[in-house]
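The values are calculated or read from the model by the stated rules, or taken from the named source; none is laboratory data. Fair warning: this is a prediction, and the values are worked out from it, not measured in the lab. Glycine also receives a Cβ, built like all others from the backbone with ideal geometry; neighbour counts cover every protein chain displayed.
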Amino acid sequence: MKLIMAIISTDDTKACISALNKASYHVTRLATTGGFLSSGNTTLLIGCEDKEVEKAIEIIGNESQRRKEAVPTTMSTDMSSLVSYPIEVEVGGATIFVMNVEDFRKL
């Protein structure tokens, strides 16, 4: 038995959970924050059999693709003025941990 902990962008959460549920995975969703820009993330907890891990990771990967996004920033040009301009950053993707589970019970 394995526990998959996947940290994904909040923007990808609905599609990812829907795809996992459609493939008969049960998912627990935790709202989390962190990473570059302290943007909203979601941590998904998925308990599954060893042989089902790769399929779950494939689904998560398909639904949480990396993409470029413009993010506003500000820069000080001197003591009295600030200039705002967008920079392009890469967002999305997933960070996945797979852990052994000694016992799993659904009550």
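Within the range 21-35, how many residues turn out to be part of a helix (DSSP H, G or I) and surrounded by 11 or more Cβ atoms within 10 Å (Cβ to Cβ)?
In the first step, residues of the range 21-35 are kept if they are part of a helix (DSSP H, G or I); the result is 21-22.
Of the ones still in play, those that are also surrounded by 11 or more Cβ atoms within 10 Å (Cβ to Cβ) are 21.
Counting residues in the range 21-35 that are part of a helix (DSSP H, G or I) and surrounded by 11 or more Cβ atoms within 10 Å (Cβ to Cβ) gives 1.
Taking the range 6-29 only, how many residues are under 11 Å from residue 40 (Cα atoms) and either out of contact with any helix residue (DSSP H, G or I) (no Cβ under 8 Å at 6 or more places or on another chain) or at pLDDT 95 or above (or both)? Residues flagged as under 11 Å from residue 40 (Cα atoms) and either out of contact with any helix residue (DSSP H, G or I) (no Cβ under 8 Å at 6 or more places or on another chain) or at pLDDT 95 or above (or both) within the range 6-29 amount to 5. Can you confirm whether the range 40-48 contains a residue that is surrounded by 10 or more Cβ atoms within 10 Å (Cβ to Cβ), modelled with pLDDT of 70 or more and in a loop (DSSP other than H, G, I, E, B)? Taking every residue of the range 40-48 in turn, none turns out to be surrounded by 10 or more Cβ atoms within 10 Å (Cβ to Cβ), modelled with pLDDT of 70 or more and in a loop (DSSP other than H, G, I, E, B).
Restricting the range 79-107 to residues that are at pLDDT below 80 and within 14 Å of the chain's Cα centre (by Cα) leaves a set whose member that is farthest from residue 34 (Cα to Cα) is 90. Under the condition of being closer than 12 Å to residue 5 by Cβ and among the small types (Gly, Ala, Ser), the residues counted in the range 93-107 number 1.
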